[in-house]
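The values are calculated or read from the model by the stated rules, or taken from the named source; none is laboratory data. Computed from a prediction, not measured in an experiment: that's the story for all the values here. A quick note on method: Cβ atoms are made from the backbone with ideal geometry, for glycine too, and the neighbour counts reach across all protein chains shown. These area figures cover heavy atoms from the full protein model, side chains too; ligands, DNA and RNA do not enter into them. Shrake-Rupley method; radii C 1.70, N 1.55, O 1.52, S 1.80 Å.
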Amino acid sequence: ERLDWFRAGTTAYQHQRPNGTILMLRSIRLPSGGFIVSFLDVTQQRALETGLVRAKEEAELANTAKSDFLANMSHELRTPLNAVIGFSSLLESAPPGSKLWDKAPEYVGDIRRSGEFLLSLINDILDLTRIERGHPDLKIERFDAVPLVRRCLLQFDAQYAAAGMILADRIGTDPVWVRADRRALQQIVSNLLSNALKYAGRGATVSVA
C-alpha cells in the first residue's frame, strides 16, 4: 500500500520509519510504464531544519522578552528620575526665606534615596548583561538583612504616600542573618515593593515582615 503515492502520479513522498528514520522517496515514471524509485535518508536534514525553526522561535521570544524588559525598565527609571527632578526643582525655585527651605533636609533625603534606587536599576541592567554572558557578578557574604530591608522601605516611603498607600514596617528588632549578595537581595526586595506598589491598589496597606 506504500506504493500508492507514486501510482497516483506523486513524484516525492516523505516517510518516517518506526525507528525514527525519515526517508524521502522519489519516483521517475519510465516510458515503458514502470518506475524508478530512489530512497534518501533525510533524518539529519529534517532534524537540522527543526532545530533552526526552534532556534528562530527562541530568538523571537528572547527579543520580545528584551523589548518588554526595556519598556518596563524605562517606566521604572522614570519614577526615581521624576522624584529627583521634582524635588530639586522645588529647591531651585524656592526664594530665600521660603517655607520650602524648612523641608530642604527632607527633600534632599528623597533626592538621595531616589538616586540610590535609580543606581540600583542601572545595576540591574548591567547584571542582566553579565548573566546573558554567563558571568553573573555575585559576592556572597553573611550579614544582617534587617538594615538592608529598612533602607528599601525608606526608598519607597514617598512613592507609597503619593499613591495613597501605607508601607508598614513589621520587621521587628531581631537580626535576620542571611548568606547572600547584598545588591542582589536589595534588588529582590525593591522588586517586591515595586510590584506591590503597582498592583495592591490605592488605600492598600503593604506589610513587610
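Key figures for this structure:
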| quantity | calculated |
| --- | --- |
| When residues of segment 176-209 are limited to those that are hydroxyl-bearing (S, T, Y) and touching a residue at least 60 places away in the same chain (Cβ under 8 Å), the one nearest to R78 (Cα to Cα) | S194 |
| Tally of residues being touching a Phe, Trp or Tyr at 6+ places or on another chain (Cβ under 9 Å) and either within 19 Å of L153 (Cα to Cα) or among the hydrophobic types (A, V, I, L, M, F, W, C) (or both) across segment 77-105 | 8 |
| Residues that are more than 24 Å from R142 (Cβ to Cβ) and open to solvent by 70 Å² or more (accessible area, probe 1.4 Å), drawn from segment 162-194 | A162, I166 |
| Selection status of F143, of a type in the set (F, W, Y), in a strand (DSSP E or B) and open to solvent by less than 80 Å² (accessible area, probe 1.4 Å) | yes |
| Some residue of segment 114-123 being touching a residue at least 60 places away in the same chain (Cβ under 8 Å), open to solvent by less than 30 Å² (accessible area, probe 1.4 Å) and not β-branched (V, I, T) | yes |
| Set D102, D144: member being farther than 27 Å from A62 by Cα, without any contact (Cβ under 8 Å) to a residue 24 or more places away in the chain and out of contact with any helix residue (DSSP H, G or I) (no Cβ under 7 Å at 6 or more places or on another chain) | D102 |
| Unique residue being farther than 28 Å from V178 by Cβ, among the β-branched types (V, I, T), open to solvent by 90 Å² or more (accessible area, probe 1.4 Å) and out of contact with any Cys (no Cβ under 8 Å at 6 or more places or on another chain) when the list is I85, I111, I131 | I85 |
| Members of segment 189-201 found to be of a type outside the set (S, T, N, Q) and out of contact with any strand residue (DSSP E or B) (no Cβ under 9 Å at 6 or more places or on another chain), listed by number | K198, Y199, G201 |
| Condition check for I125: of a type outside the set (D, E), in contact with a helix residue (DSSP H, G or I) (Cβ under 7 Å, 6 or more places away or on another chain) and modelled with pLDDT under 80 | yes |
| Selected residue (only one of L25, L100 is out of contact with any strand residue (DSSP E or B) (no Cβ under 9 Å at 6 or more places or on another chain) and surrounded by 12 or more Cβ atoms within 10 Å (Cβ to Cβ)) | L100 |
| Cβ pairs under 9 Å, 6+ apart, first in segment 66-86 and closer than 12 Å to I122 by Cβ, second among the charged types (D, E, K, R) | M73/D124; E76/D124; P80/R113; P80/E116 |
